[in-house]
Amino acid sequence: MSLDGANLIPVVIASTLKPIKDVRVFQKLALSLGETNKYSLNIIGFSSEKPEFDSKIRFFSSMSHFRAKWDRIWAQFRFVWRLIQIKPKLLICCTYEYLPLASLLKPLIGYKFVFDVQENYQRNLDLNPSLSVRKKKLIGWLIRKAEQVPCIDLFLLAEKCYQSEMPMKRPFLILENKYQGNIQVVRNIRLDPSLPIHFCITGTLSPSFGTWEGLTWFQKLLEAYPHFQLTIIGHCPIPAYQRQLHQEAAKYDQIHLVISDLPIPHDQIQEVLRSAQAAILPYQIQPAIREKMPTKLFECAALGIPVLMTPNPKWEKFYHNFTGGFSVDFQQTDQALATFQQFLSLTYFSTPVPESVLWKTEKLHFQEAIQNLLS
């Protein structure tokens, strides 16, 4: 039963650099709450343009200049103003940057305070090669101080491993980044190398995510299969790395880059993923990555796309029951063609993909947790 508009519970979901229609913030958290018809939803996030009007959800820009330090500082003032203006009963912070002010204002405004832990931000500092040791120590200290603020009522953990990596974050609810949508039923896929197979690398493009290794590995395939195609699409936060990728890809007509300094809309990435016959996940296996479950694993499983992925027992176990992927050492480019022949010899999605890969298996737990928090 829907409530009268005046009786809806005001909710703010806020981040600084995540787009206002980020797949987790908007499509998962916000829309899941919206389904209950109990909440008035407000999203604060990055937008380079004035947010579009929506009759059900109000959008506010945290900042519009992605790399501008001054805009990031002003984002804090905008955040405070929106909280005073909206007076939410529930605040979900999706970034550590807002935690100190959110904690300070909680007793004044009187909201329940939730921290959506999307990353292990301290460990992630090791994934950025452009940071000096001094900068890592300073930023690490700031993150620790921000995350130690009092008054957080609930932590949402985007990865199961965060429970052991961050044991002080309690009480918690694990909400994995599973696929928002339905399973596309496919059975017994075998790729035919005589056809123009389309591969893709999607998401954040960085050294730790192995984009370069995936690119150079694919180049070896082109020696035997010049009719193959590769699309690389995503946000590249390191300018020098972006230039390196462009210079290398320019040597091949079969490699197409869609790279941006800003986050690319999820719908655009999904369009590339859906058009591919195989996805390449060339992550480097570092401590900050090893125990995580990348969103792309859930997406490719649900969409019926075979995955070539870096060897990782956790990921191999996930794909084992329905044969959704194949492990590849992307640094061994001299073995690329032989490894690819093994990939071609297998039949993928020989059994149905379980519904446990879908967000709807997480959604009810989230809705109940918020209802209990506000009751």
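The values are calculated or read from the model by the stated rules, or taken from the named source; none is laboratory data. Being a predicted model, the structure only gives us computed values, none of them experimental. Counting neighbours? That spans all protein chains shown, and the Cβs are built from the backbone with ideal geometry, glycine included. Note: accessible area is taken over every heavy atom of the protein model, side chains too, but ligands, DNA and RNA are not part of it. Shrake-Rupley method; radii C 1.70, N 1.55, O 1.52, S 1.80 Å.
Below is a table of values for the structure above.
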quantity: Where labels lie 7 Å past Cα in the beta-carbon direction, separation of N7 and R243 in nm; calculated: 6.1 nm
quantity: 18 Å Cα cut-off, lysine pairs counted over the stretch 30-102 (separation 8 or more, or different chains); calculated: 5
quantity: Heavy-atom accessible surface of the stretch 26-98: percent carbon and sulfur, 1.4 Å; calculated: 56 percent
quantity: DSSP-defined beta bridges in the stretch 156-298 - what % are antiparallel, rounded to 5; calculated: 0 percent
quantity: Per residue solvent-accessible surface (Å²) - the stretch 138-189, probe of 1.4 Å; calculated: 54 Å²
quantity: Spatial separation of Cα centroids for the stretch 103-132 and the stretch 204-219, in angstrom; calculated: 28 Å
quantity: Rg over Rh, two decimals, the chain (C-alpha only, Kirkwood Rh); calculated: 0.98
quantity: Cα-derived Rg over Rh, computed across the stretch 154-274 with Rh taken as Kirkwood radius; calculated: 1.06
quantity: Label point 7 Å beyond Cα of E119 along Cβ direction - residues of the stretch 234-268 with amide nitrogen under 18 Å; calculated: 234-242, 260-266
quantity: Dipole of the chain [Lys/Arg +1, Asp/Glu -1 at C-beta], most positive-end residue of V185, F199, Y283; calculated: Y283
quantity: Positive dipole terminus of the chain, leading residue within V357, V23, P226 (C-beta point charges); calculated: V23
quantity: Relative contact order computed over the chain (Cα-Cα under 8 Å; 6+ residues apart), in percent; calculated: 15 percent
quantity: Cross-link pairs K135/K292; K135/K317; K137/K169; K18/K360; K28/K137; K112/K136 - those with Cα-Cα distance over 30 Å; calculated: K135/K317; K28/K137; K112/K136
quantity: For peptides 66-73, 323-330, 131-138, 273-280, sequence by mean Cβ density within 10 Å, most packed first; calculated: 323-330, 273-280, 66-73, 131-138
quantity: Overall Cα dimensions of the stretch 252-375, principal axis frame, Å, largest first; calculated: 60, 37, 31
quantity: Fully extended contour minus Cα-Cα distance, from W141 to K314, at 0.36 nm per residue; calculated: 59.2 nm
quantity: Radius 13 Å from Cβ of D153, net charge of other residues (Lys, Arg +1; Asp, Glu -1); calculated: +4
quantity: Calculated FRET efficiency for the pair V133/Y252, C-beta based, R₀ 35 Å, to 0.05; calculated: 0.40
quantity: Rounded percent of accessible protein surface that carbon and sulfur make up, the stretch 207-252, 1.4 Å probe; calculated: 55 percent
quantity: Gain on full stretching of the segment that runs from Q85 to K160 - 0.36 nm per residue minus C-alpha separation; calculated: 23.5 nm
quantity: At 0.890 mPa s and 25 °C, Stokes diffusion of the stretch 23-173 via Kirkwood alpha-carbon radius, µm² per second; calculated: 147 µm²/s
quantity: Dimensionless Rg ratio for the stretch 1-82, taking C-alpha atoms and the 2.2 N^0.38 Å reference; calculated: 1.13
quantity: Value in Å of the Kirkwood radius, where the stretch 228-317 supplies the Cα pairs that are averaged; calculated: 14.5 Å
quantity: Dipole in debye (nearest 20) - the stretch 188-254, about Cα centre, beta carbon charges: Lys, Arg +1; Asp, Glu -1; calculated: 80 debye
quantity: Mean-position separation - Cα centroids, the stretch 256-272 and the stretch 279-351, in angstrom; calculated: 21 Å
quantity: Label point distance in nm, D192-Q371, each placed 7 Å from Cα along Cα→Cβ; calculated: 5.1 nm
quantity: Nearest-20 debye value, the chain charge dipole, Cβ charges on Lys, Arg, Asp, Glu; calculated: 1260 debye
quantity: Estimated translational D of the stretch 321-375 in µm²/s (Stokes, Kirkwood radius over Cα pairs; 20 °C; 1.002 mPa s); calculated: 144 µm²/s
quantity: Pair A224, F77: separation of 7 Å Cα→Cβ label points (nm); calculated: 6.1 nm
quantity: Rg over Rh [alpha-carbon atoms, Kirkwood Rh] for the stretch 53-117; calculated: 0.97
